[in-house]
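Structure, as structure tokens:
The values are calculated or read from the model by the stated rules, or taken from the named source; none is laboratory data. Remember, it's a predicted structure, so these values are computed and weren't measured experimentally. All Cβ positions, even for glycine, are placed from backbone atoms using ideal geometry, and neighbour counts span all protein chains on display.
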Amino acid sequence: MSDTSQNKEEHWQRTRSLMIKHLVVWFVFAYLIHWHAPSINQMVFMDFPLGFYMAAQGSLVIFVVQLFLFARQQDQIDRDCGLAESD
């Protein structure tokens, strides 16, 4: 396999791994938190039931942070594999 093919294969493996990790985090905060909200509501955060707070605010904050983190991590993978776009 040529060096370029190895770089592309490594790039794809690392990108796929990163994507799966972020999808798991997304799934947890998009679905699992909301499914378990009634039992989580027994805990209180800022005078709101925690399940309500996570559904209304917490998940959105996590998603925005996750987008920036994913972009930064993907850029590092691109640079490490020599496939980054020129600045």
Inset, instruction - May I ask you to list the residues in the range 16-52 that are surrounded by 16 or more Cβ atoms within 10 Å (Cβ to Cβ), within 20 Å of the chain's Cα centre (by Cα) and more than 27 Å from CYS81 (Cβ to Cβ)? - result: PHE29, ILE33
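Could you please find all residues in the range 21-69 being among the β-branched types (Val, Ile, Thr) and in contact with a strand residue (DSSP E or B) (Cβ under 8 Å, 6 or more places away or on another chain)?
Narrowing the range 21-69 to residues among the β-branched types (Val, Ile, Thr): 24-25, 28, 33, 40, 44, 61-62, 64-65.
ILE40 - this is the single residue of the range 21-69 that is among the β-branched types (Val, Ile, Thr) and in contact with a strand residue (DSSP E or B) (Cβ under 8 Å, 6 or more places away or on another chain).
Can you report the number of residues in the range 1-18 which are within 17 Å of GLN73 (Cβ to Cβ) and touching a residue at least 40 places away in the same chain (Cβ under 8 Å)?
Residues of the range 1-18 that are within 17 Å of GLN73 (Cβ to Cβ), as a first pass: 10-18.
So of that shortlist, the ones also touching a residue at least 40 places away in the same chain (Cβ under 8 Å) come out as 10-11, 14-15, 18.
Number satisfying all stated conditions: 5.
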Legend entry - Qualifying positions in the range 37-84 - outside any helix (DSSP H, G or I) and either touching a residue at least 24 places away in the same chain (Cβ under 8 Å) or within 19 Å of ARG16 (Cα to Cα) (or both): CYS81, GLY82, LEU83, ALA84
Inset, instruction - State whether the residues of the range 34-46 include one that is at pLDDT 85 or above, in contact with a helix residue (DSSP H, G or I) (Cβ under 9 Å, 6 or more places away or on another chain) and at positive phi. - result: no
